[in-house]
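First the structure, in the form of structure tokens, and then the observations on it.
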Amino acid sequence: MRPSALGGYDDWPDFVRDTLPLTGDELTTKVAGLLGVPEPGAAPAVRTVDEWQTDGVHTRELEWTTPFGPPTRAWLLRPAGRAPRAGLLGLHCHAGVKSIGAERLVDVPRPSRVAVRVREDLYEGQAAAGVLARAGFVVLCHDTFAWGSRRFELPAEDDESYDVAASVHEHTVAKAAGILGTSLAGMVAYDDLTALSVLRGIDGVEKVGVFGLSGGGGRAAILTALDPGIEASAVVCMMTTFAGLIPSYVDVHSWLFSTPGLARHLDHPTLAAGRARHQQLVVYAEDDELFSPAGMHDADRELTEHFHYGPGSYEGVWLPGRHRFDAGMQRIVGDFLTKALYT
């Protein structure tokens with residue numbers, strides 16, 4: 001008998017079959033239907049695993065359980081000695097690295113070698129969640145479906161070999177999701193909505209925003225379309241029209257950005273704009289190797305047009321250089337979210 005291709009997630013198929021799709025207003029229902037997002041239940045019970053304070057930030061390592069798969073690990077950061085009213089959900093990138101999830105955004109006492117490498121390569125060595133906590137926010141960062149603590153059981157000797165195996169296994173996950181009537185992006189959105197409910201349950205949090213680089217930026221766009229209560233969104237190096245991916249850029253993106261059928265109904269800028277009631281920042285890298293210049297500029301124009309008719313606002317910032325979320329970009333995101341959520 002062949003071994004399970006869904007190790008650690010053998011209860012996932014039954015969960016999807018037995019759970020109704022997420023519904024809400026017209027946009028929520030449409031996007032959830034296209035991605036196959038199951039309806040999240042009540043906010044999960046949260047357990048504190050560890051806590052520490054360093055560089056003016058108090059951090060708690062958390063854990064919660066969803067109805068399928070392994071438990072979720074997350075980190076909650078606060079500026080020490082302050083009680084912020086605004087909360088941010090930090091959404092980690094894809095980066096072809098699934099052995100870890102949100103650890104790449106958080107300073108932990110004993111960081112993994114992979115987290116340090118990803119941070120050096122994409123975040124200029126900085127833990128972006130800590131930067132934003134010091135700017136005055138409660139920041140929650142969680143491992144999402146198929147990453148870190150929520151990863152599948154694959155044969156691997158170490159994190160590096162796991163990431164190689166996971167890059168191939170993502171095709172299996174996408175196939176299984178399609179058979180079940182969902183998608184990789186839809187299941188990631190389920191985990192992200194669950195984390196959002198945890199953030200909203202934090203004492204003192206009155207407003208919420210989301211931010212993310214690359215695949216995390218794509219997750220931010222989807223969440224903003226699914227949840228009308230998100231008041232601010234910062235997307236870094238993750239904006240293009242879907243037409244801009246064909247034919248030369250589709251191969252550099254994962255299934256997280258390639259849900260079959262989505263582009264027939266919503267373009268990526270339309271998804272990010274959502275109801276055009278929130279404050280939206282998009283940071284573009286002019287030399288981004290993952291997107292065509294035409295696709296990015298067309299998306300910028302589409303977003304400007306969408307927000308022209310809504311009560312929200314859109315700001316597009318163009319910077320030279322490659323795909324990344326460096327220290328300067330982190331300052332731009334922090335300033336934008338401070339203005340959007342505290343004024």
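The values are calculated or read from the model by the stated rules, or taken from the named source; none is laboratory data. Predicted model only: the values in this text are computed from it and were never measured. Here the Cβ is made from the backbone with ideal geometry for all residues, glycine too, and neighbour counts use every protein chain on show. For the accessible areas, the whole protein counts, side chains as well, though only heavy atoms, and no ligand, DNA or RNA atoms are used. Shrake-Rupley method; radii C 1.70, N 1.55, O 1.52, S 1.80 Å.
For Ala340, are the conditions met, namely being under 18 Å from Gly217 (Cα atoms), surrounded by 17 or more Cβ atoms within 10 Å (Cβ to Cβ), in contact with a Leu (Cβ under 9 Å, 6 or more places away or on another chain) and not aromatic (Phe, Trp, Tyr)?
Numbers: under 18 Å from Gly217 (Cα atoms): yes; surrounded by 17 or more Cβ atoms within 10 Å (Cβ to Cβ): yes; in contact with a Leu (Cβ under 9 Å, 6 or more places away or on another chain): yes; not aromatic (Phe, Trp, Tyr): yes.
Judged against the criteria, Ala340 is a match.
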May I ask you to list the residues in the stretch 123-148 that are open to solvent by 30 Å² or more (accessible area, probe 1.4 Å) and touching a Pro at 6+ places or on another chain (Cβ under 9 Å)? Arg134, Ala135
Can you pull out every residue in the stretch 243-276 that is acidic (Asp, Glu) and in a loop (DSSP other than H, G, I, E, B)? Asp267
Output for Cβ contacts, cut-off 9 Å, separation at least six or different chains, first residue without any contact (Cβ under 8 Å) to a residue 12 or more places away in the chain and polar (S, T, N, Q) in the stretch 80-102, second part of a strand (DSSP E or B) and open to solvent by 10 Å² or more (accessible area, probe 1.4 Å), reads none
When you scan the stretch 66-75, do you find a residue that is out of contact with any Cys (no Cβ under 8 Å at 6 or more places or on another chain), open to solvent by 30 Å² or more (accessible area, probe 1.4 Å), assigned to a loop (DSSP other than H, G, I, E, B) and over 23 Å from Arg150 (Cα atoms), even just one? no
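Tell me yes or no: at least one residue of the stretch 217-235 is modelled with pLDDT of 95 or more, of a type outside the set (A, V, I, L, M, F, W, C) and in contact with a Pro (Cβ under 7 Å, 6 or more places away or on another chain).
First, pick out the residues of the stretch 217-235 that are modelled with pLDDT of 95 or more: 217-235.
Remaining after also requiring of a type outside the set (A, V, I, L, M, F, W, C): 217-219, 224, 227-229, 231, 233.
Applying the additional criterion that residues be in contact with a Pro (Cβ under 7 Å, 6 or more places away or on another chain) yields none.
Checking the stretch 217-235: not a single residue is modelled with pLDDT of 95 or more, of a type outside the set (A, V, I, L, M, F, W, C) and in contact with a Pro (Cβ under 7 Å, 6 or more places away or on another chain).
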I'd like to check something: does the stretch 220-228 contain any residue that is closer than 26 Å to Val173 by Cα, of a type in the set (S, T, N, Q) and surrounded by fewer than 21 Cβ atoms within 10 Å (Cβ to Cβ)? no
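Rundown of residues vs (1) in a helix (DSSP H, G or I); (2) touching a Leu at 6+ places or on another chain (Cβ under 9 Å), yes/no style:
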site: Thr144; (1), (2): no, yes
site: Ala156; (1), (2): no, no
site: Glu160; (1), (2): yes, no
site: Ala165; (1), (2): yes, yes
site: Lys175; (1), (2): yes, no
site: Ile179; (1), (2): yes, no
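Does Leu105 fit the bill of being touching a Gly at 6+ places or on another chain (Cβ under 6 Å) and in contact (Cβ under 8 Å) with a residue 60 or more places away in the chain?
Details: touching a Gly at 6+ places or on another chain (Cβ under 6 Å): yes; in contact (Cβ under 8 Å) with a residue 60 or more places away in the chain: no.
The answer is no for Leu105.
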Read through the list (1) at pLDDT 95 or above; (2) open to solvent by less than 50 Å² (accessible area, probe 1.4 Å), then give the number of the only condition that Ala80 fails. (1)
Checked pairs for the stretch 3-17, first under 19 Å from Ser149 (Cα atoms) and open to solvent by 60 Å² or more (accessible area, probe 1.4 Å), second in a helix (DSSP H, G or I) and modelled with pLDDT under 95, C-beta under 9 Å and 6 or more apart or across chains, list as none
Look at Ala195 and say whether it is under 21 Å from the mean Cα position of the chain (by Cα), closer than 26 Å to Arg113 by Cβ and surrounded by fewer than 23 Cβ atoms within 10 Å (Cβ to Cβ). no
Counting only residues that are farther than 26 Å from Gln126 by Cβ, out of contact with any Phe, Trp or Tyr (no Cβ under 6 Å at 6 or more places or on another chain) and among the hydrophobic types (A, V, I, L, M, F, W, C), the stretch 276-332 contains a total of 2
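Would you say Asp25 is open to solvent by 20 Å² or more (accessible area, probe 1.4 Å) and either aliphatic (A, V, I, L, M) or over 28 Å from Glu103 (Cα atoms) (or both)? I'd like the intermediate steps shown before the answer.
On the way: open to solvent by 20 Å² or more (accessible area, probe 1.4 Å): yes; either aliphatic (A, V, I, L, M) or over 28 Å from Glu103 (Cα atoms) (or both): yes.
It is true that Asp25 is open to solvent by 20 Å² or more (accessible area, probe 1.4 Å) and either aliphatic (A, V, I, L, M) or over 28 Å from Glu103 (Cα atoms) (or both).
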Identify the residue in the stretch 20-70 that is closer than 30 Å to Lys175 by Cβ and small (Gly, Ala, Ser) and, among all such residues, is modelled with the lowest pLDDT. Gly41
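Results for (1) of a type in the set (S, T, N, Q); (2) within 25 Å of His171 (Cα to Cα); (3) surrounded by fewer than 18 Cβ atoms within 10 Å (Cβ to Cβ), shown as yes or no for each residue.
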{"position": "Met187", "(1), (2), (3)": "no, yes, no"}
{"position": "Asp191", "(1), (2), (3)": "no, yes, no"}
{"position": "Glu206", "(1), (2), (3)": "no, no, yes"}
{"position": "Ser214", "(1), (2), (3)": "yes, yes, no"}
{"position": "Thr259", "(1), (2), (3)": "yes, yes, no"}
{"position": "His265", "(1), (2), (3)": "no, yes, yes"}
{"position": "His268", "(1), (2), (3)": "no, yes, no"}
{"position": "Arg275", "(1), (2), (3)": "no, no, yes"}
Mind listing whichever residues of the stretch 304-336 are in contact with a Ser or Thr (Cβ under 9 Å, 6 or more places away or on another chain), open to solvent by less than 40 Å² (accessible area, probe 1.4 Å) and within 21 Å of Ile230 (Cα to Cα)? Phe307, Gly316
